[in-house]
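Let me begin by presenting the structure, written as structure tokens, before commenting on it.
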Ligand SMILES: [Zn+2]
């Protein structure tokens, strides 16, 4: 695996010379329609948020009976949700919830979702021979979309429907544009899906019992931790490997050491130092895609931009709806910073990212509070 990684990053360094990029990162930014200033602003706010994520990780560790931070192997451990089995949903219930909750944003969204359900745009259930996961495919010539899910009735499945129908809504907002202006770059591709997920998650948290709320928050925070903390650790690791490769082939031991250092700078004391993961570079396929360096930072951008846009909606209410739709429509037409600026968002300012991360930090505060109550009760 180390030989592969050396080879692929070596190829990357050769190719950027031929293509006249200053660095592999410069090429990735170019492919993402992003600039360095935007990336720096986002990372600055992310680094500031790490202490909050570490608080979450240590508290989760405590809930699971660990003394010295969370071991890496328990990052995705589910939390006990009391004696009751987790609630499940029928497709009809999911349909109703989506119409009700996303319709609060705008009735047009409810009508659109209803149309998708009633016109068989969604291949809902798992069956033999069908692929797993979920996705949305635009059919621009027909101004329609098709969605694939594997619905089994969990809350996560309802959230997945909200996510994929967000992509479909994004396609819908681009109706009538020339094809060459419909392809949004990776950082903006998840804006509508994350926005929908956040709308739904916040609605479903109302009126939920404490132990279930703790589990719901944990599910969201597991994801945010990956997207903010882990992706930044991957960024540090990949930067160090590329730097090293300029002079020599990195050994397995060197890569393990670089990965541990990257985890130390990000997860810090949130993780148990005895149980970090020196081989993370051997189990993430993203590092091994030739021609695509730094595969992951657009995902961090996507999550935080979607949440940042949601924070704007909370501030401005219904007046934000046309702005939002205009934003989605222009995603494939310009540089990321200019698309955002067209609706008054400055992605080069650290404050925009701070506001977005603040919504996650509020969840962390609530998680810690509920966890403390549970620990006291034991
Ligand atoms: Zn998506």
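Values quoted throughout were computed directly from the atomic coordinates according to the rules given, and no laboratory measurement underlies them. For clarity, every value in this text was computed on a predicted model and none was experimentally measured. Quick reminder, even Gly has a Cβ in these numbers, built from the backbone with ideal geometry, and neighbours come from all protein chains shown.
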Next on the checklist: Suppose we keep just the DSSP beta bridges with both residues in the chain; what percent of those would be antiparallel, to 5?
Outcome noted: 60
Next on the checklist: Quick check on the exposure proxy: order 248, 170 from fewest to most C-beta atoms within 10 angstrom.
Outcome noted: 248, 170
Checklist entry - Roughly how compact is region 91-200, stated as its Cα Rg over 2.2 N^0.38 Å to two decimals? => result 1.02
Item to check | Normalised per residue, the volume of the convex hull around the Cα set of the chain (Å³) | outcome: 154
Checklist entry - Among 56-64, 17-25, 309-317, what's the highest-first ranking by average C-beta atoms within 10 angstrom per residue? => result 56-64, 309-317, 17-25
Item to check | Förster-model FRET efficiency, 41 Å R0, residue 137 and residue 223, C-beta, rounded to 0.05 | outcome: 0.95
Next on the checklist: Please list, in order, the residues from region 1-26 whose amide nitrogen is less than 20 Å from a point placed 7 Å along the Cα→Cβ vector of residue 279.
Outcome noted: 1-7
Item to check | Förster-model FRET efficiency, 25 Å R0, residue 127 and residue 96, C-beta, rounded to 0.05 | outcome: 0.55
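Hey, what did the chain get for relative contact order, percent, Cα under 8 Å, at least 6 apart? Could the numbers behind the result be given before it?
Values: 508 pairs, mean separation 110.6, N = 378.
Computed value for the chain: 29 percent relative contact order.
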Item to check | For region 91-200: relative contact order, % (alpha-carbon pairs under 8 angstrom, 6 or more apart) | outcome: 24
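Divide by every residue of the chain the summed helix terms, -39500 (n - 2.57) for each DSSP H run of at least 4, and state the resulting mean residue ellipticity at 222 nm, rounded to the nearest 500 deg cm²/dmol. Present the calculation step by step, with values, prior to reporting the outcome.
Working: 15 runs with 224 residues, N = 378.
Roughly -19500 deg cm²/dmol at 222 nm, from the helical runs in the chain.
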Checklist entry - Given R₀ = 22 Å, FRET efficiency for residue 292-residue 40 by Cβ-Cβ distance, to 0.05? => result 0.55
Item to check | Ordering of 68-76, 136-144 by burial proxy (mean other Cβ atoms within 10 Å per residue, highest first) | outcome: 68-76, 136-144
